[in-house]
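The values are calculated or read from the model by the stated rules, or taken from the named source; none is laboratory data. Note that the structure is predicted; figures quoted are calculated from it, not measured. For neighbour counting, all protein chains shown are included, and Cβ atoms are generated from backbone atoms with ideal geometry for every residue, glycine included. Quick note on the areas: whole protein, heavy atoms, side chains included, nothing else; ligands and nucleic acids left out. Shrake-Rupley method; radii C 1.70, N 1.55, O 1.52, S 1.80 Å.
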Amino acid sequence: MNSTAPTGHPTAQQLYANAGTDFSNLTWLEAQWVAWYLAIGNPIIATGLASFLLHEIVYFGRCIPWILIDATPYFRKWKLQPSKIPTAQEQWECTKQVLFSHFMVELPVIWLFHPMAEYFGMSTWQVPFPSWKQQAIQVAIFFVFEDMFHFFAHRALHWGPLYKHIHKIHHKYSAPFGLAAEYAHPAEVMILGTGTIAGPILYCAFRRDLHIVTVYIWIILRLFQAVDAHSGYDFPWSLQHWLPIWSGAEHHDFHHMAFVNNFSTSFRWFDRMFGTDDKYREYRKRVNAMKKLNLSPEEYAARERKMMLEAEQEGLRAEAEVEAYSFSGKKKTA
């Protein structure tokens, strides 16, 4: 494909020629990057297409292992809510909603992101890429910013009217699974997605030294984090066991099961700082105490089911109380 760029916009060939790009010392990945832009010709289409394809391939590619794990009984020992395995019908219904959001909400945002970011100084077609050190620092900044944004936005979505009309869809599954990471109302996709793209845009506005390849690395890691946090599994090798500040599935699964607590995404510090992990920490304390008892597998499973049921019932009461609030801030009367 060698599309002609829109009037007033040079083609990829012209951009590389005008920039005097030296192709002789490129890495293999940088050479493939150039080849992609030259093959498409139109840099706007090349960047938009690459961005959307990356999102779809990474999201569903990361979900596939969790679908296989859910279908394999061997892994149930690490399932956080072992009695709740998603059915094929549930996963298909979830996939349809996710695809709707991807094409109707995220596709336009993804397509418009790079022209906006380029306006603030982001590089797209340019080579060579920034150093790994620079990219690592930028990605770390994006993680911290997104976690902060998500914490406050997520808490706001648990306010009565916003929860009832927007966020409730995401809480359909009290035992989440990988595909459900982006199962949400279109408005929620826009609200929480802002935290993902606002970090790079703001960074560009102040620093003007960001390359979209760094944004791609950030998006890949963010998608992995989101899907894994909704996986419903806590393995001995899961990241939170090696990096205590990391949230992980064990942290976020409680939010879906109990409705309350644990509003952040990647890290635990905001929940600890604002005290929105008190019920979660008490629950984990009880679980850890139970593990120290000399219980048979049957006894342990029975006590675990009882604790989970209690947490879920308490969550249902909390959810009903949230939904009882009107826009005026007052509880509705029967």
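Restricting to helices (runs of 4 or more DSSP H) lying wholly in region 26-103: which have 1 or more residues that are closer than 23 Å to PHE235 by Cβ and either open to solvent by less than 20 Å² (accessible area, probe 1.4 Å) or touching a Gly at 6+ places or on another chain (Cβ under 7 Å) (or both)?
Working: elements: 28-40, 43-70, 88-101.
In region 26-103, the matching helices (runs of 4 or more DSSP H) lie at 43-70, 88-101.
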Does region 113-124 contain any residue that is surrounded by 15 or more Cβ atoms within 10 Å (Cβ to Cβ) and within 20 Å of the chain's Cα centre (by Cα)?
yes
Answer yes or no as to whether LEU54 is within 30 Å of PRO176 (Cα to Cα) and either at pLDDT below 95 or not hydroxyl-bearing (Ser, Thr, Tyr) (or both).
yes
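Suppose the filter is open to solvent by less than 20 Å² (accessible area, probe 1.4 Å) and either of a type in the set (Val, Ile, Thr) or touching a residue at least 24 places away in the same chain (Cβ under 8 Å) (or both); does PHE142 pass it? Even if it seems obvious, please write down each step before you answer.
On the way: open to solvent by less than 20 Å² (accessible area, probe 1.4 Å): yes; either of a type in the set (Val, Ile, Thr) or touching a residue at least 24 places away in the same chain (Cβ under 8 Å) (or both): yes.
Against the criterion (open to solvent by less than 20 Å² (accessible area, probe 1.4 Å) and either of a type in the set (Val, Ile, Thr) or touching a residue at least 24 places away in the same chain (Cβ under 8 Å) (or both)), PHE142 qualifies.
Tally the residues that are more than 18 Å from ASN261 (Cβ to Cβ) and crowded, with 18+ Cβ neighbours inside 10 Å, restricting the search to region 167-179.
To start, the set of residues in region 167-179 that are more than 18 Å from ASN261 (Cβ to Cβ) comprises 169, 172, 177-179.
Those left that are additionally crowded, with 18+ Cβ neighbours inside 10 Å: 177-179.
Result for region 167-179: 3.
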Need the failing condition index for HIS252 against (1) more than 30 Å from GLU323 (Cα to Cα); (2) out of contact with any strand residue (DSSP E or B) (no Cβ under 7 Å at 6 or more places or on another chain); (3) touching a residue at least 60 places away in the same chain (Cβ under 8 Å), just the number.
(1)
Out of region 224-247, which residues are open to solvent by 10 Å² or more (accessible area, probe 1.4 Å), in contact with a helix residue (DSSP H, G or I) (Cβ under 7 Å, 6 or more places away or on another chain) and not in a loop (DSSP other than H, G, I, E, B)?
PHE224, ALA226, ASP228, LEU239, GLN240, TRP246
Out of ILE169, ILE201, ILE191, ILE197, I need the residue that is farther than 25 Å from HIS114 by Cα and assigned to a helix (DSSP H, G or I). Which one?
ILE169
